[in-house]
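Undergrad: One structure, pasted below without further comment.
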Amino acid sequence: MAQTVDNIVDPNDSSLTSEMVQFPGPAGNVSAYVSRPKDGKNLGTVVVIHENRGLVGHIKDVARHFAKDGLAAIAVDCMGRIGGSDKWNGSDEATKEIQKVNGTMVAEDFVEHDGLPGFPAGREGLKQLFSAVLGGFPDLRAQVEDSMAQGDKVMLRMTWRGTQTRPFLFLPPSDKEATFGVIDIVRVANGKLVEHWGITDQLSAFQQLGAIPVPAFQ
């Protein structure tokens, strides 16, 4: 199972000044997290924005990372600005949510027909897999392209997209975005998932993350 790294730069790094601030705007105040070198040196200013995340821990960490390089970094709370919120607030909260959902939606005798090597069988393996994926891709999102149902089975064809900002399986953080296809088929009984078959375009995902070279065809 992948191990997550909480921070690249310590939130209490003594060489930085990091704080929450608010800027006045025509439609109300804008919240932001500012980090800058404490010695007053400034190579420039960079704005850190994530289109669908609030000021979660790793976004603040990115700002501090820029500050360690001598820049003044401003991470803007875009989600809060438009009235939204960050559902997960980081991988730890995402993991807790997945474990809670598993307890209510996945049967104890759940059968995984296409599990990844290194993960235990059954429901526990599913928990660990989602914990690893959400740990490595905190901004992971899935778009359903097609869905079908027949009898007690449901099929979903999805496009998954996320940025690998933390360790995932055998990979160190790459800060690269991967977009790949996933097909899931689940069997449902008594309102719970009891079986799963799945196909994930792992080759494309690992190529986009730089873990597998892309062949050059002549």
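Undergrad: Return the total of residues in segment 109-150 being of a type in the set (Ser, Thr, Tyr) and touching a residue at least 60 places away in the same chain (Cβ under 8 Å).
TA: Residues flagged as of a type in the set (Ser, Thr, Tyr) and touching a residue at least 60 places away in the same chain (Cβ under 8 Å) within segment 109-150 amount to 1.
Undergrad: Being surrounded by fewer than 20 Cβ atoms within 10 Å (Cβ to Cβ) and hydrophobic (A, V, I, L, M, F, W, C) is the filter here, so list the residues in segment 115-128 that pass it.
TA: Across segment 115-128, the qualifying residues are 116, 119, 121.
Undergrad: Same structure again: Conditions first: (1) among the polar types (S, T, N, Q); (2) more than 28 Å from the chain's Cα centre (by Cα); (3) at pLDDT below 75. Residue 29 passes all but one, so which condition is the exception?
TA: (2)
Undergrad: Could you list, in sequence order, all residues of segment 189-207 that are out of contact with any Asp or Glu (no Cβ under 6 Å at 6 or more places or on another chain), within 13 Å of residue 153 (Cα to Cα) and not small (Gly, Ala, Ser)?
TA: Of everything in segment 189-207, those that are out of contact with any Asp or Glu (no Cβ under 6 Å at 6 or more places or on another chain), within 13 Å of residue 153 (Cα to Cα) and not small (Gly, Ala, Ser) turn out to be 190, 192, 193, 194, 195.
The values are calculated or read from the model by the stated rules, or taken from the named source; none is laboratory data. Since this is a predicted model, take the numbers as computed values, not measurements. Note that each Cβ is placed from the backbone with ideal geometry, even for glycine, and that neighbours are counted across all protein chains shown.
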